[in-house]
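The values are calculated or read from the model by the stated rules, or taken from the named source; none is laboratory data. This one's a predicted model, so the numbers in the text were calculated from it and none came from an experiment. Ideal geometry is used to build each Cβ from the backbone, glycine not excepted, and the neighbour counts take in all protein chains shown. For accessibility, only protein heavy atoms count, side chains too; no ligands or nucleic acids. Shrake-Rupley method; radii C 1.70, N 1.55, O 1.52, S 1.80 Å.
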Amino acid sequence: QTPKDFYQFSDFSWPREVKETYPDHTQVLEYLHAYALHFNILPRIKFNSKVTCIDYVTSSTADLHSWDLWGGSGEPFSPWGKWRLTVRNGQNPSASAPTDQVYQVDFVILCMGRYSDLPNIPDFPLNKGPEVFNGKVLHSMDYSAMDDDVAADLIKEKRVTVIGFQKSAVDIAAEVANKNGATHPCTLLFKTAHWIVPEYLLPLVFQGLNRFTELMIHKPGEGFFIWLLAMLLSPLLWIFSMSIECYLKYMYPLKKYNMVPTHRFLKQISSCMFTVLPANFYDRIKDGSLFLKKSQSFSFCRNGLIVQGESKPLLSDIVILATGYKSEEKLKNMFSSTLFQKCIAESSAPFYRECIHPQIPQLAILGYADSPAILYSTEMRSKWLAHFLAGNFRLPTISKMEEDVMEWEKCKRRDEKESYRRSCVSTLLQIYCNDQLCKDMGCNSRRKNWFLAELFAAYGPKDYKDLS
């Protein structure tokens, strides 16, 4: 879903033999493995071990409420507390039961991501859920985890219905339609249509994410001049969004198949909901291999799905729920402390610099902040965190960090309205966020060689290669 120039580490380029703009999952895995080998990371990993709980141990929980600075000092390590990690070791398959081991550490970094482990399964009324269905129901997470031959055997000559309309849903529906053809068509059942962008157009969108574009975006805590400049230039963003929408409506039969989104294309960018159009997607619709159905609700019956507004059931053998993940709940459940669980749950944007919670000491979270180029944005925060752990700067007071977090949340609420919780600040303001990180680290945030490039050229991972 991301062009490879934006989906790489700053100090490790893609191999020359990878010519594709969008490498497939096998190539991505090979790239990550080559990175781990190059930097000798594998010996530092303890495999087949699961962290089941983390607990902050301090002399008194009352100390946490009295601290003016993060951890009591504004520094990464504190003399007043430690983290206790409970790790389940599953390395020995001959053991009668897994063994738990407890570690005490000075600092914890959670690198668990948003889209894994805890799938979001819709709730259904009694006797209208998967339990009454004679076929098979699984989440897109389980389907994606299968080997290619196992997945192909599962869907072979089966009537498959895919629920959803974002990346996983569209990709899986296209894959099933390509393999089964019109004899066993796939149905894509969705509530909300999203803009699906062809592969050749998405790199142009990424190239447009530059400093000049960011002048059109309102920023947290902006002064009057910056606010006025954004007001004057923001119509250009509207023109850009409308141009893309008109082009997509002209090129593809969106109206014919009830696929015209009700939201602006720009809103989809700011929500990190990039979806690349799979190859031959509309060809599969034309030849009857793929059917599209839009409905606000559905339920299960013995031989398929009851779709709102339709008298006959949608006959299905397999239903794949591409309905997302409970990422906030997964993160919250890592903590044994109800205080820390509440810290995670009560705000849509609880993290300072998108990785530090003001109320949770000696802990950082990487890879959780959403972004269209997750390696890029996570590496930047990794470098920032490395500087912090090395003692190169201290954090502001807890109140200052909370004030900064709230400014971001107010900005998101103003711009995104009802969908603000989905908004990710690292998209339209990627460079602005990186500037803040560079300032904290004491590094030059201007990474281009001359003025016009600084203003109009896109920023990518390689621009921050020598950040030290």
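Selection within the stretch 278-315: residues that are closer than 22 Å to D142 by Cβ and within 30 Å of the chain's Cα centre (by Cα). The member of this set that is modelled with the lowest pLDDT is P278. Check the stretch 123-141 and report whether any residue there is over 11 Å from I320 (Cα atoms) and within 24 Å of the chain's Cα centre (by Cα). For the stretch 123-141, residues over 11 Å from I320 (Cα atoms) and within 24 Å of the chain's Cα centre (by Cα): present.
Table: residues versus (1) open to solvent by less than 30 Å² (accessible area, probe 1.4 Å); (2) modelled with pLDDT under 95; (3) not small (G, A, S).
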site	(1), (2), (3)
M216	yes, yes, yes
G221	no, yes, no
I226	no, yes, yes
L237	yes, yes, yes
F240	no, yes, yes
C246	no, no, yes
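If the condition is being out of contact with any helix residue (DSSP H, G or I) (no Cβ under 8 Å at 6 or more places or on another chain) and exposed (fewer than 15 other Cβ atoms within 10 Å of the Cβ), then the stretch 33-42 contributes H33, A34, L37, H38, F39, N40. Residue check: C111 meets all listed conditions (1) open to solvent by less than 80 Å² (accessible area, probe 1.4 Å); (2) within 28 Å of the chain's Cα centre (by Cα); (3) outside the structural domain of G181 (by the TED database) but one, namely (1). Among the residues of the stretch 364-371, are any touching a helix residue (DSSP H, G or I) at 6+ places or on another chain (Cβ under 7 Å) and modelled with pLDDT of 95 or more? Within the stretch 364-371, one or more residues are touching a helix residue (DSSP H, G or I) at 6+ places or on another chain (Cβ under 7 Å) and modelled with pLDDT of 95 or more.
Looking at the stretch 188-217 only, could you name the residues that are touching a helix residue (DSSP H, G or I) at 6+ places or on another chain (Cβ under 8 Å) and of a type in the set (V, I, T)? Residues satisfying the conditions are I196, V197, V205, T213, I217. For the stretch 366-376, the tally of residues that are open to solvent by less than 20 Å² (accessible area, probe 1.4 Å) and touching a strand residue (DSSP E or B) at 6+ places or on another chain (Cβ under 7 Å) stands at 1. Inside the stretch 336-365, can you point out the residues that are touching a residue at least 24 places away in the same chain (Cβ under 8 Å), hydrophobic (A, V, I, L, M, F, W, C), out of contact with any strand residue (DSSP E or B) (no Cβ under 6 Å at 6 or more places or on another chain) and surrounded by 19 or more Cβ atoms within 10 Å (Cβ to Cβ)? F340, A349, F351, I360, listed by residue number. Take I320 and tell me if it is in a loop (DSSP other than H, G, I, E, B), crowded, with 20+ Cβ neighbours inside 10 Å and not charged (D, E, K, R). Taking the combined requirement at face value, the residue does not satisfy it. Per this entry, L233 is counted among residues that are assigned by the TED database to the domain that holds G135, over 30 Å from N134 (Cβ atoms) and surrounded by fewer than 17 Cβ atoms within 10 Å (Cβ to Cβ).
Being at pLDDT below 90, surrounded by fewer than 16 Cβ atoms within 10 Å (Cβ to Cβ) and either in the same structural domain as D370 (by the TED database) or under 24 Å from the mean Cα position of the chain (by Cα) (or both) narrows it down to one of T52, T86, so name that one.
Going through T52, T86 in turn, the sole match is T52.
Taken together, the residues in the stretch 142-174 that are farther than 18 Å from G324 by Cα, touching a residue at least 40 places away in the same chain (Cβ under 8 Å) and not in a helix (DSSP H, G or I) amount to 3. If the condition is being in a loop (DSSP other than H, G, I, E, B), closer than 18 Å to D466 by Cβ and open to solvent by 30 Å² or more (accessible area, probe 1.4 Å), then the stretch 1-24 contributes D5, D11, S13. Considering the stretch 250-266, and only residues there that are closer than 13 Å to F165 by Cα and touching a helix residue (DSSP H, G or I) at 6+ places or on another chain (Cβ under 9 Å), the residue that is surrounded by the most Cβ atoms within 10 Å (Cβ to Cβ) turns out to be P261. Taken together, W70, W80 contain a single residue that is at pLDDT below 95, aromatic (F, W, Y) and touching a strand residue (DSSP E or B) at 6+ places or on another chain (Cβ under 6 Å), which is W80.
Considering only residues in the stretch 267-307 that are in a helix (DSSP H, G or I) and open to solvent by 70 Å² or more (accessible area, probe 1.4 Å), the one that is nearest to L126 (Cα to Cα) turns out to be K286. Residue count for the stretch 220-266, restricted to those that are in contact with a Pro (Cβ under 9 Å, 6 or more places away or on another chain) and in a helix (DSSP H, G or I): 3.
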